[in-house]
Amino acid sequence: MSHLDSTLDTLYERHLELSNKVDWGYHNLLPWERGRNFNDDPWSPDQGTISPELTVAVETAMLTEVNLPWFTSGLNAVFADAPSAFRNFVHTWTREEDQHGRILDVYLLLSRNGEPEMRDRIRKNVIGTGWNIEDSDPFSVMVYTSLQELATRVFYLNLARAAETQDPVLSKILRVIAKDETLHYAFYRDAAKAYIDEDPSRIATVCRIIPQFVMPGFGMPNFRQRLQVIAKYANYGIYAYYQNVLKVVLEFWGVLQYDVSSGTRDARHTLDQYLTKLQRIAGRQTPAAE
Ligand SMILES: [Fe+2]
Ligand SMILES: [Fe+2]
């Protein structure tokens, strides 16, 4: 077994141990006492417990999470020939992610936040459309998933803070989901680091992937408007992405400290240009203004 393989096995074992400690069941967290029959008591907009803006944020999260069958099939294909730790991780990751879409969907129904019929239509549409993984290279996907899992973690924590005064039950649900996302991030982040340590020229791939990053929900209806609402009311926008996601990942992997060799010079130049642009946009936003 190679050094890389055994490092990855250790990371997977660590994930299992930590995720078993935060294991949770949605039956414990959902406000079942709020549930009412929609046939006898039809939905109306005034029944919600949180603001329409927070509802949009939670619905967007749910609509992203429910595309899990496609994320799993994409990752399974990408990691088919990768070390076994990845294939094992995808199974464990799937069973954890599976709870996220489900708990948010049931929460929205029980609490009567958002119109259930329209949400159902969009959800079916999103899952019917599916999702295609853009890259087939395992290392590139590790870079992408590291960013995506950390972005999700930060998003859920910011949303939990925004929901605190409106519905503490929702806030708690979001914090529990964020714990899962933290561990997902840690696995991919450390796996990618092990690959970089093995071959530092992989930094060029990191530089290439980062400017292309988009969250996996970009195909859903009104995605741009949804992001604007989330930036303004859930405090997760470009500032948070730049400051709490991108900079954290770049620093952990030591991307900007690597000596630029001729092979990575172009890629690094592209990344530098992207970071300058993003920093400028983020600088126009402060957390309070988002
Ligand atoms: Fe998730
Ligand atoms: Fe996750």
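Bear in mind that the values in this text are calculations on the coordinates, not laboratory data. Quick caveat: nothing in here was measured; it's all calculated off a predicted structure. No Cβ is skipped: glycine too gets one built from the backbone with ideal geometry, and neighbour counts run over all protein chains shown.
Quick notes on this structure:
- Taking Cα atoms only, the orientation of helix 84-111 departs from the longest principal axis of the chain by about 20 degrees.
- Only lysine pairs 8 or more places apart or on separate chains count here, and in the chain those with Cα atoms under 30 Å apart total 17.
- Over the chain, DSSP H runs of length four or greater, each weighted -39,500 (n - 2.57), average out per residue to a 222 nm ellipticity of -22000 deg cm²/dmol.
- Dipole of the stretch 96-223, positive end: most advanced residue of Phe187, Thr145, Ser111 [Cβ charges, Cα centre]: Ser111
- Extreme residue, positive dipole direction of the stretch 1-45, given options Leu18, Pro42, Asn28 (C-beta unit charges): Pro42
- In degrees, nearest ten, helix 138-163 long axis to first principal axis of the chain (Cα): 40
- The listed peptides 31-39, 242-250, ordered by packing as a protection proxy, come out as 242-250, 31-39 (highest mean of other Cβ atoms within 10 Å first).
- Positive-pole candidate from His269, Trp93, Ala61, dipole of the chain, charges at beta carbon: His269
- Order by protection proxy (mean Cβ within 10 Å, highest first), peptides 141-152, 114-125, 96-107: 141-152, 96-107, 114-125
- Net charge dipole size for the stretch 66-175 [Lys, Arg +1 and Asp, Glu -1 on Cβ; Debye, nearest 20]: 380
- For the chain, a simple Cβ point-charge model (Lys and Arg +1, Asp and Glu -1, everything else neutral) yields a dipole of about 780 debye relative to the Cα centre.
- Cα pair distances in the stretch 6-72, grouped into 10 Å bins until the bin that holds the longest one, percent each: 14, 25, 35, 16, 8, 2
- Taking label positions 7 Å along the Cα-Cβ direction at both Lys172 and Glu134, the computed distance is 3.9 nm, reported to one decimal.
- A convex hull fitted to the Cα coordinates of the stretch 136-261 yields 109 cubic angstrom per residue.
- Gained length - Lys124 relative to Asp199, 0.36 nm times residue gap less alpha-carbon distance: 22.7 nm
- Total charge dipole magnitude, the stretch 137-232, about the Cα centre, Cβ charges on Lys, Arg, Asp, Glu only, Debye to nearest 20: 440
- Ordered by the count of other Cβ atoms within 10 Å of each Cβ, fewest first, Glu251, Glu65, Glu164 give Glu251, Glu164, Glu65.
- Angle of helix 68-78 to the longest C-alpha principal axis of the chain, folded into 0 to 90 degrees and rounded to 10: 10°.
- Convex hull volume per residue, computed on the Cα atoms of the chain, equals 127 Å³.
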